[in-house]
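J.: My structure is below; once you've seen it, I'll send some questions.
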Amino acid sequence: MSDLVATALGMIVYALIIFGFLALFALVAVYLERKISGHIQDRLGPMRVGWHGMLQTIADTLKLLFKEDIIPANADRLLFKMAPYVLFVGTYLVFAVLPFGPGLIGADLNIGAFYIVAVSSLVVIGMIMAGYSSNNKWSLYGGMRSAAQIVSYEIPVGLSLLIGVMMTSSLNLTRIVDAQIVGLGGMDGIFGWNFIQNPFAFLAFWVYVVAGTAEANRTPFDLPESESELVAGAFTEYSGMRWAFFFLAEYANMWVVSVLGAIVFLGGWHSPIPGEDVIPGMLWFLFKVFTIVFLQIWARWTFPRLRVDQLMVTCWKYLTPIAFANVIGVGLWILLF
Amino acid sequence: MTLQEIHSLLEQEFGQSILELSEEEFNEYILLESKDWFEIATFLRNTPELYFNSLKCLTGVDYGPKEELMEVVYDLFSMEHRHHLTVKIQGPREEFHVPSVEFLWRTADWHEREAYDMFGIIFDGHRYLKRLLLPDDWEGFPLKKDYEVQEYYHGIRVPKIKPKKLTP
Amino acid sequence: MRDLHTEEMTINMGPQHPSTHGVLRLRLRTDGEVVTGIEPVLGYLHRCFEKHSENLEYPGVIPFVDRCDYLAAMNNDHGYAMAIEKLLGIEIPERVEYLRIIFAELQRIASHLVAFGTFGLDVGAFTPFLYAFREREMILDLFEMTCGARLLYNYIWVGGLSHDIQPGFVEKTYNFLDHFEPKIQEYNSLLTNNKIFIERTADVGVLPAEVAINYGVTGPQLRASGVDWDLRRDEPYSIYDRFDWDVILGSEKVGVLGDCWNRYYVKILEMQESAKIIRQALDDLPVDGDVQEAIPRKIRPPKGSFYFRSENPRGELGYYIISDGGTKPFRVKMRSPALCNLSVIDEIGSGWLVADIVAILGSLDIVLGEIDR
């Protein structure tokens, strides 16, 4: 009996730690985004709150906590309140199998990659609920577009992750990382990483980055919440903590995409320099993840956004066929070499 | 083509409707009667020698209760031949009907609506003659010389401001 | 299975919206995402300019005229001042003419920069907006140096100018031009040649030349449809005929004639031409002369009525002025280019997606102050 209680308590503590980590990451990511966007746009970003604006996000969170909770008069109250949580749950469930470093993983499932792709589709329901329940035609547009987009882009994402699975012959994330110790020409370091093992894997890495950005609803694919057209798309009517939850979910998504990219393609927590093991693996891991996060932030402030039908064309006519070709190519490569 | 030539061409075709030709500097216009205006406008736009394909401006003017006159001024221009023409149509201050030319020059669509909005000039044949700049339920026509602001609008008191002498 | 019954939805791109460039309300009838009809509802910024002008003396109308198209205030002043000067028959001193051209062209660059920046913002590119405003700040500094105001100047008076330029102005303007001309290459590489931007704007909202002339569209929007018409060259006013510059037309380089990309690109190239004109004017600027010597004491034009037009950054700005011989105008009607430009949106916007309406509206470059007066 106490065994059960201990396990249950352990699980709750673990879940809270992950949640705390997510909040911390959102803090850092928002600050990074504002600073990087500021410097790209030839200005400085937040400078006053704390040294060079470091405490800005904390101040913003405090403000959001105290904001009035406004629900539109004719909105569907239950769906309106549930939507942020459903969205967040869809992203949060992925964290059960996501490693944070060597040996730091919640549940080392043997079907880790498959579980991730399956569970992350829950966010679509949250988006549609948010768009529909706001009783606002613009939110409806945003919700519909978002559903179409997320469902479509899951395919290139899944296919690209399949490349890593094929090269390792396992769905287990830890084993995928460990298989990248030794690679080209028997050398370790960067030559072990999946993305340069063969040209198809390299292509698959870039397909993954593009499709992952679309999954995370970032520009140039941020039509669901395009600021200039739909005010805030599906999230127009949300304010205060409910909106903060959506925001948290968006940054959690960014983290998930980047971590998967680092694990499957960039060698996880192995260092790029052959034979070096002084710097702990966790630092390399964070470095790779933040590189992909930086790529996503950089793309957001440089490119205009795609129209909804161009988005669909990009996915179905370009990314998906390329992803399929990659799968076949990698398969043949493994067979022959 | 000069104003004289255009005037003589119009007089040949429409004789009765052409009332006056004025050629003083800063006052060049042809005054027309309103009833044949749509046919004259079609003639002005479609005849190859004239070919007025651009309506530069459509203005409503109110001369005040003393002269009891209101007019509509059309400034036409031909982009091919590069000649100008000003056409005026005059009428009474109440119930001033003018045939609409918004079908010929689409510029006139919104300009006629604005003239209706500000002066109360009714353009017959306009497909959608509604107020343009003021709310649909506003009373009165503001640019008329004897316009009095309405007392209340939807329960809000409209303040009466006397025009002050702004320059000594 | 019963046939699915789909209805058209009427949505409101309301007066408060991030990309309607002011308080404009568009009622869109949509079938899914495809727009089948657009009805603009105007009047949210109506300030009865024409009624006010009947109670003011002729020079007193100039601040009001500024506030109509607040992004191109110098050009508004210029048009009105020239109209009254023509009525009075005043001769303007050389120095005043050159200075007026310099300020009008600087204002044209500033206005096109705003159009360029906000168009990028509408399409989703956040960064060109800040780059455009960085350059515009330099122009506004030049204006502030001369007449003390950044946005609404009351600078070009009937017969002259309100202030003479400060010492150091000419050099600062040369510095600005040297800094600005390479920046256009930067804008081109950031936005103009960007594949995503081209996909969003090329072939979208095509405006044929005949339709444009019929609707009264003028300015860069008309030239992008291939019509070779620029008032500065074809009906020259002030001293524009002394300068050497090209009229920019739309091209079929990317997309078709008259699409959003062309309307945008014509503005970028026009900025280059304006910079050329400013350089030539600065080189030939007469050194001495009083800018206020030709200003008449009392403005009492003869009786008459006429229409005068000039080239605003947005198109043909016309003033129809009726004078009854007194010191106050009898009627001032402002023919605003943005009103005619906006009226064409139902014609060219139908059949496109909602996201394209935003792009088309941005490319038409409207200012609500001018539409509603």
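The values are calculated or read from the model by the stated rules, or taken from the named source; none is laboratory data. Owing to the predicted nature of the structure, the values given are computational and were not obtained by experimental measurement. Because the Cβ atoms are built from the backbone with ideal geometry, glycine has one as well, and the counts that use them run over all protein chains shown. Accessible surface is based on the protein model in full, side chains and every heavy atom, while ligands, DNA and RNA are left aside. Shrake-Rupley method; radii C 1.70, N 1.55, O 1.52, S 1.80 Å.
J.: When the residues of the range B:132-146 are filtered to those that are free of Cβ contacts under 8 Å to residues at least 40 places away in the same chain and within 8 Å of chain C (Cβ to nearest Cβ), which remaining residue is nearest to residue B:93 (Cα to Cα)?
T.: Among residues in the range B:132-146 that are free of Cβ contacts under 8 Å to residues at least 40 places away in the same chain and within 8 Å of chain C (Cβ to nearest Cβ), the one nearest to residue B:93 (Cα to Cα) is B:142.
J.: Would you mind stating whether residue A:157 is open to solvent by 10 Å² or more (accessible area, probe 1.4 Å) and outside any loop (DSSP other than H, G, I, E, B)?
T.: Considered against the rule, which asks whether it is open to solvent by 10 Å² or more (accessible area, probe 1.4 Å) and outside any loop (DSSP other than H, G, I, E, B), residue A:157 comes out as yes.
J.: Right, another one. Looking at residue C:119, is it open to solvent by 10 Å² or more (accessible area, probe 1.4 Å), among the aromatic types (Phe, Trp, Tyr) and within 14 Å of another protein chain (Cβ to nearest Cβ)?
T.: Against the criterion (open to solvent by 10 Å² or more (accessible area, probe 1.4 Å), among the aromatic types (Phe, Trp, Tyr) and within 14 Å of another protein chain (Cβ to nearest Cβ)), residue C:119 does not qualify.
J.: Given the conditions (1) crowded, with 22+ Cβ neighbours inside 10 Å; (2) within 14 Å of chain C (Cβ to nearest Cβ), and given that residue B:98 satisfies all but one, which numbered condition is not satisfied?
T.: (2)
J.: Where residues in the range C:178-195 are in contact (Cβ under 8 Å) with a residue 60 or more places away in the chain and part of a helix (DSSP H, G or I), which of them is farthest from the other protein chains (Cβ to nearest Cβ)?
T.: C:181
J.: Among the residues of the range C:343-367 satisfying the criterion of being surrounded by fewer than 24 Cβ atoms within 10 Å (Cβ to Cβ) and either touching a Phe, Trp or Tyr at 6+ places or on another chain (Cβ under 8 Å) or within 30 Å of residue B:63 (Cβ to Cβ) (or both), which is nearest to the other protein chains (Cβ to nearest Cβ)?
T.: C:343
J.: Restricting the search to the range A:292-322, which residues are more than 8 Å from chain C (Cβ to nearest Cβ), closer than 17 Å to residue A:156 by Cβ and either open to solvent by less than 10 Å² (accessible area, probe 1.4 Å) or polar (S, T, N, Q) (or both)?
T.: Answer for the range A:292-322, where residues must be more than 8 Å from chain C (Cβ to nearest Cβ), closer than 17 Å to residue A:156 by Cβ and either open to solvent by less than 10 Å² (accessible area, probe 1.4 Å) or polar (S, T, N, Q) (or both): A:292, A:296, A:311, A:314, A:315, A:320.
J.: Still on this structure, please answer the following. Residue pairs, Cβ under 7 Å, 6 or more apart or interchain, first in the range C:116-127 and on the phi > 0 side of the Ramachandran plot, second of a type in the set (Gly, Ala, Ser). List them.
T.: C:124/A:226; C:124/A:228
J.: Right, here's the next one. Quick one: which residue in C:43, C:89 is within 14 Å of chain B (Cβ to nearest Cβ), out of contact with any Phe, Trp or Tyr (no Cβ under 7 Å at 6 or more places or on another chain) and under 30 Å from residue C:303 (Cα atoms)?
T.: Going through C:43, C:89 in turn, just one is within 14 Å of chain B (Cβ to nearest Cβ), out of contact with any Phe, Trp or Tyr (no Cβ under 7 Å at 6 or more places or on another chain) and under 30 Å from residue C:303 (Cα atoms): C:89.
J.: Of all residues in the range C:214-257, which are away from chain B (no Cβ under 14 Å), under 26 Å from residue B:57 (Cα atoms) and either buried (at least 24 other Cβ atoms within 10 Å of the Cβ) or of a type in the set (D, E, K, R) (or both)?
T.: If the condition is that a residue be away from chain B (no Cβ under 14 Å), under 26 Å from residue B:57 (Cα atoms) and either buried (at least 24 other Cβ atoms within 10 Å of the Cβ) or of a type in the set (D, E, K, R) (or both), then C:220, C:224, C:232, C:241, C:250 are the ones that fit.
J.: Restricting attention to the range B:1-54, which residues are of a type in the set (A, V, I, L, M), under 18 Å from residue B:100 (Cβ atoms) and in contact with a strand residue (DSSP E or B) (Cβ under 6 Å, 6 or more places away or on another chain)?
T.: B:32
J.: Still on this model: Could we say that residue C:201 is open to solvent by less than 30 Å² (accessible area, probe 1.4 Å), of a type in the set (Ser, Thr, Tyr) and modelled with pLDDT of 90 or more here?
T.: It is false that residue C:201 is open to solvent by less than 30 Å² (accessible area, probe 1.4 Å), of a type in the set (Ser, Thr, Tyr) and modelled with pLDDT of 90 or more.
J.: Determine, yes or no, whether residue C:310 is within 11 Å of another protein chain (Cβ to nearest Cβ) and either surrounded by 17 or more Cβ atoms within 10 Å (Cβ to Cβ) or over 18 Å from residue C:52 (Cα atoms) (or both).
T.: So residue C:310 does not fit the description; no.
J.: Let me ask something additional. Can you give me the number of residues within the range C:289-322 that are among the hydrophobic types (A, V, I, L, M, F, W, C), over 13 Å from residue C:85 (Cα atoms) and touching a residue at least 60 places away in the same chain (Cβ under 8 Å)?
T.: 2
J.: Out of all the residues in the range B:57-80, which are open to solvent by 10 Å² or more (accessible area, probe 1.4 Å) and either within 13 Å of chain C (Cβ to nearest Cβ) or small (Gly, Ala, Ser) (or both)?
T.: Residues satisfying the conditions are B:63, B:66, B:67, B:69, B:79, B:80.
J.: Continuing with this model, one more query. In the range C:162-177, is there at least one residue being more than 14 Å from chain A (Cβ to nearest Cβ), touching a Cys at 6+ places or on another chain (Cβ under 9 Å) and surrounded by fewer than 22 Cβ atoms within 10 Å (Cβ to Cβ)?
T.: Yes: the range C:162-177 contains one or more residues that are more than 14 Å from chain A (Cβ to nearest Cβ), touching a Cys at 6+ places or on another chain (Cβ under 9 Å) and surrounded by fewer than 22 Cβ atoms within 10 Å (Cβ to Cβ).
J.: Looking at the range C:332-342, can you tell me whether even one residue there is among the β-branched types (Val, Ile, Thr), open to solvent by 10 Å² or more (accessible area, probe 1.4 Å), within 11 Å of chain B (Cβ to nearest Cβ) and on the phi < 0 side of the Ramachandran plot?
T.: Looking through the range C:332-342, none of the residues is among the β-branched types (Val, Ile, Thr), open to solvent by 10 Å² or more (accessible area, probe 1.4 Å), within 11 Å of chain B (Cβ to nearest Cβ) and on the phi < 0 side of the Ramachandran plot.
J.: Go over the candidates B:75, B:137 one by one and state the one that is outside any helix (DSSP H, G or I), under 20 Å from residue B:6 (Cβ atoms) and acidic (Asp, Glu).
T.: B:75
J.: Just to be sure I understand the filter: pairs with C-beta atoms under 6 Å, separated by 6 or more residues or on different chains, first member in the range A:270-299 and assigned to a loop (DSSP other than H, G, I, E, B), second member surrounded by 15 or more Cβ atoms within 10 Å (Cβ to Cβ) and among the hydrophobic types (A, V, I, L, M, F, W, C). Which pairs pass?
T.: Taking only residues 6 or more apart or on different chains, the pairs are A:271/A:284; A:272/A:190.
J.: When you scan the range B:1-52, how many residues do you find that are assigned to a helix (DSSP H, G or I), touching a helix residue (DSSP H, G or I) at 6+ places or on another chain (Cβ under 7 Å) and open to solvent by 80 Å² or more (accessible area, probe 1.4 Å)?
T.: Counting residues in the range B:1-52 that are assigned to a helix (DSSP H, G or I), touching a helix residue (DSSP H, G or I) at 6+ places or on another chain (Cβ under 7 Å) and open to solvent by 80 Å² or more (accessible area, probe 1.4 Å) gives 1.
J.: Could you go through the range C:322-329 and let me know if any residue there is under 12 Å from the mean Cα position of the chain (by Cα) and not charged (D, E, K, R).
T.: Checked against the condition, which is being under 12 Å from the mean Cα position of the chain (by Cα) and not charged (D, E, K, R), the range C:322-329 yields no hits at all.
J.: Could you check how many residues of the range B:13-43 are of a type in the set (A, V, I, L, M) and either within 14 Å of chain C (Cβ to nearest Cβ) or more than 15 Å from residue B:88 (Cα to Cα) (or both)?
T.: The number of residues fulfilling the criteria is 3.
J.: Pick from B:122, B:89, B:30: which is of a type in the set (A, V, I, L, M, F, W, C) and free of Cβ contacts under 8 Å to residues at least 40 places away in the same chain?
T.: Criteria check complete, one pass: B:122.
J.: What's the number of the only condition in (1) touching a residue at least 24 places away in the same chain (Cβ under 8 Å); (2) open to solvent by 10 Å² or more (accessible area, probe 1.4 Å); (3) in contact with a Phe, Trp or Tyr (Cβ under 8 Å, 6 or more places away or on another chain) that residue C:149 fails to meet?
T.: Only one criterion is unmet by residue C:149, namely (1).
J.: Determine which single condition residue A:152 fails, assuming it passes every other condition in (1) farther than 30 Å from residue A:73 by Cβ; (2) of a type outside the set (D, E, K, R); (3) within 14 Å of chain C (Cβ to nearest Cβ).
T.: Result: residue A:152 fails condition (3) only.
J.: How many residues, within the range A:26-39, are over 11 Å from residue A:56 (Cβ atoms), buried (at least 18 other Cβ atoms within 10 Å of the Cβ) and among the hydrophobic types (A, V, I, L, M, F, W, C)?
T.: Residues meeting the conditions: 2.
J.: Tell me yes or no: at least one residue of the range C:51-64 is among the basic types (Lys, Arg), in contact with a helix residue (DSSP H, G or I) (Cβ under 8 Å, 6 or more places away or on another chain) and open to solvent by 30 Å² or more (accessible area, probe 1.4 Å).
T.: no
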